[in-house]
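The values are calculated or read from the model by the stated rules, or taken from the named source; none is laboratory data. Here the structure is a predicted model, which is why all the values come from computation and not from measurement. Glycine gets a Cβ as well: all are built from the backbone with ideal geometry, and neighbour counts include every protein chain shown. We work out accessible area using only protein heavy atoms, side chains counted, and drop any ligands, DNA or RNA first. Shrake-Rupley method; radii C 1.70, N 1.55, O 1.52, S 1.80 Å.
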Amino acid sequence: MPLKITLMQVGDIPAKGNEVEQAIEKYTNTKLDFQWIPQAAFDEKISVMIASNDMPQIMKVSYVPNIVAAIQSDLFWEIGPYLKDYKNLNAQDPQYYKNISVDGKIYGVPNFRDIGRAAIVFRKDWMDNLGLKIPTSLDDWYNVLKAMTLNDPDKNGKNDTYGTMLFKKYNEGTQPVLTRIAVSLGGVNRWGVDANGKFTPEFMTKEYTDVMKLFRRLYDEKLINQDFAAFDASQLDTMMDSGRVGMKLNGVAQNGKSSQERLVKNVPNGVIDIAPFTGPQGPRLAGEPGNFGFLAIPKSAVKTEAELKKVLGFLDKLMDPEMAALQLRGIENKHYVKIDGGKTEYKDFNAFQREVKPYRDNLVNVEGYNVGTLKDTPIGEKGTQMAREGIKYAVANPALTLISAIYSERGKELDQQIWDAQTKYIMGKIDDAGWQAEVDKWRKAGGDQLIKEYEAAYAKQNQKK
């Protein structure tokens with residue numbers, strides 16, 4: 001009986017029985033039946049499968065409230081106790097598993113992504129022209145961004161540059177600009193928790209409000225774009241590519257290479273470099289979730305412990321060197337070739353993107369684990385390396401896997417309230433007292449309740465261990 005696997009469609013649906021699929025089947029000695037669901041309909045279709053209890057043996061899911069509820073209703077296998085028996089799954093940093101845990105237990109294998117990939121993508125030639133170094137304090141940040149805006153870093157005699165630009169969603173998602181700077185200076189990643197289990201949102205901490213004041217000052221002195229509240233993040237990339245901006249603060253280590261390639265089309269001698277966010281204690285990064293969803297094993301399709309072990313054995317084999325190379329590089333001599341020093345090089349990257357990427361993005365693999373290094377431009381290799389090592393400097397968000405009823409119900413609204421207030425504060429539309437009033441409003445609107453619920457969930461989670 002084939003192993004049924006439901007995944008998210010990336011690009012075109014791979015043809016049934018293609019070479020990649022055959023290679024996986026042959027190596028793992030498993031007949032496979034892949035079901036691909038388009039991204040736009042993904043969460044909805046998964047919900048329908050759960051509701052009708054018509055599930056495959058392996059199912060990609062997102063970490064969202066209805067999946068958490070399904071896990072709490074005992075629909076999926078808890079795999080935490082078994083991981084130690086699978087060498088590859090067990091070799092990965094525990095933080096990856098912790099970041100998808102529910103009530104402190106593990107119910108799946110992550111689609112691994114780098115946790116510590118936060119990076120400053122910057123114009124090295126500008127920094128050199130102005131004799132600047134990567135900022136490690138609030139004063140440094142102010143001075144560097146001011147110099148890159150006012151001191152003609154590109155030496156064209158015009159006042160046409162910015163140190164950085166903000167954009168309308170500067171604080172949303174997994175790469176929030178102010179959070180990243182605050183964390184580097186010793187702050188918390190979204191939420192802080194003390195030794196007594198007391199929670200504080202980042203915007204009620206000194207480090208974070210100091211960064212907000214920095215941006216208020218930059219805005220007031222016209223050292224950042226005045227239209228940021230209506231500016232799209234993609235426009236920032238366009239400005240960077242055209243040689244008008246010195247630093248991108250919502251980037252990741254792997255952006256250096258593509259940023260350099262785009263810049264030289266417009267500024268032939270422009271030089272991009274990357275650096276981790278760094279403060280007085282050295283590199284300190286706002287950790288990201290470290291996954292793009294996870295692979296869960298439904299109990300309705302995998303009925304016995306013996307079957308569960310078989311499925312886990314299959315997932316573990318996907319990280320053996322042969323399968324890691326297949327997912328991350330493709331088929332040898334077709335998609336990639338081996339070169340000197342144990343390195344690998346893409347031979348047909350477009351074919352890789354088309355034929356292999358759908359599997360790479362959905363199955364189990366970690367760049368740099370059991371696979372030959374990719375030959376790349378120096379900044380490309382540096383980015384891959386930096387993103388892998390970044391986990392050592394990553395600060396976790398302690399509320400990432402905490403369940404709160406009020407957040408499930410009204411979280412978006414509460415977040416938006418604070419984000420709008422931050423923007424008003426940076427633009428000088430409200431003063432310190434006005435900001436304090438907005439925080440109080442947030443607390444009354446459900447913020448205090450949210451803090452209580454996180455504290456209770458955290459206490460419960462830590463008591464189980």
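Just to be sure, is residue 173 within 15 Å of residue 395 (Cα to Cα) and either among the small types (Gly, Ala, Ser) or open to solvent by 50 Å² or more (accessible area, probe 1.4 Å) (or both)? Judged against the criteria, residue 173 is not a match. So is residue 125 acidic (Asp, Glu) and within 29 Å of residue 62 (Cα to Cα) or not? So residue 125 does not fit the description; no. Take the residues of segment 32-60 that are free of Cβ contacts under 8 Å to residues at least 12 places away in the same chain and part of a helix (DSSP H, G or I): which is most open to solvent (accessible area, probe 1.4 Å)? Result: 44. Within segment 381-399, the set of residues being over 15 Å from the mean Cα position of the chain (by Cα) and either surrounded by fewer than 20 Cβ atoms within 10 Å (Cβ to Cβ) or among the acidic types (Asp, Glu) (or both) comprises 381, 382, 385, 392, 398.
Pairs meeting the criteria (first residue in segment 143-155 and touching a residue at least 24 places away in the same chain (Cβ under 8 Å), second residue charged (D, E, K, R) and open to solvent by less than 70 Å² (accessible area, probe 1.4 Å), beta carbons under 9 Å, at least 6 apart or on different chains) are 148/123; 153/123; 153/125; 154/123; 154/125; 154/160.
Just one of the listed residues (213, 222) is open to solvent by 10 Å² or more (accessible area, probe 1.4 Å) and part of a loop (DSSP other than H, G, I, E, B), and it is 222.
Within segment 301-308, can one find any residue that is β-branched (Val, Ile, Thr), touching a strand residue (DSSP E or B) at 6+ places or on another chain (Cβ under 9 Å) and open to solvent by less than 10 Å² (accessible area, probe 1.4 Å)? Checking segment 301-308: at least one residue is β-branched (Val, Ile, Thr), touching a strand residue (DSSP E or B) at 6+ places or on another chain (Cβ under 9 Å) and open to solvent by less than 10 Å² (accessible area, probe 1.4 Å). Residues in segment 130-143 that are under 28 Å from residue 268 (Cβ atoms) and either part of a loop (DSSP other than H, G, I, E, B) or out of contact with any helix residue (DSSP H, G or I) (no Cβ under 8 Å at 6 or more places or on another chain) (or both): 131, 132, 133, 134, 135. Does residue 132 meet the test of being closer than 25 Å to residue 380 by Cα, among the hydrophobic types (A, V, I, L, M, F, W, C) and either open to solvent by 10 Å² or more (accessible area, probe 1.4 Å) or in contact with a His (Cβ under 7 Å, 6 or more places away or on another chain) (or both)? So residue 132 fits the description; yes. For segment 273-287, the criterion of being at pLDDT 95 or above, open to solvent by 40 Å² or more (accessible area, probe 1.4 Å) and either of a type in the set (Asp, Glu) or outside any loop (DSSP other than H, G, I, E, B) (or both) is satisfied by at least one residue. Residue count for segment 225-266 under the criterion of being among the β-branched types (Val, Ile, Thr) and open to solvent by less than 30 Å² (accessible area, probe 1.4 Å): the result is 2. Of note, residue 368 does not satisfy the criterion of being farther than 21 Å from residue 115 by Cα, of a type outside the set (A, V, I, L, M, F, W, C), without any contact (Cβ under 8 Å) to a residue 40 or more places away in the chain and open to solvent by less than 70 Å² (accessible area, probe 1.4 Å). When residues in segment 63-90 are screened for being assigned to a loop (DSSP other than H, G, I, E, B) and either of a type in the set (Asp, Glu) or modelled with pLDDT under 95 (or both), 4 of them pass. Only a single criterion out of (1) in contact with a helix residue (DSSP H, G or I) (Cβ under 8 Å, 6 or more places away or on another chain); (2) of a type outside the set (Lys, Arg); (3) within 27 Å of residue 174 (Cα to Cα) is not satisfied by residue 122, namely (1).
Looking at segment 400-465, the helices (runs of 4 or more DSSP H) lying wholly inside it that each contain 2 or more residues that are touching a residue at least 40 places away in the same chain (Cβ under 8 Å) and surrounded by fewer than 18 Cβ atoms within 10 Å (Cβ to Cβ) sit at 405-426, 448-463. For segment 291-399, the strands (runs of 3 or more DSSP E) that sit wholly inside it and include 3 or more residues that are closer than 30 Å to residue 71 by Cα are 291-296. Number of residues in segment 168-201 that are closer than 23 Å to residue 227 by Cα, assigned to a loop (DSSP other than H, G, I, E, B) and either without any contact (Cβ under 8 Å) to a residue 40 or more places away in the chain or in contact with a strand residue (DSSP E or B) (Cβ under 8 Å, 6 or more places away or on another chain) (or both): the value is 4. Sort out which residues of segment 346-365 are open to solvent by 10 Å² or more (accessible area, probe 1.4 Å) and in contact (Cβ under 8 Å) with a residue 60 or more places away in the chain, and write them in order of number. Of everything in segment 346-365, those that are open to solvent by 10 Å² or more (accessible area, probe 1.4 Å) and in contact (Cβ under 8 Å) with a residue 60 or more places away in the chain turn out to be 353, 354, 355, 357, 361, 365.
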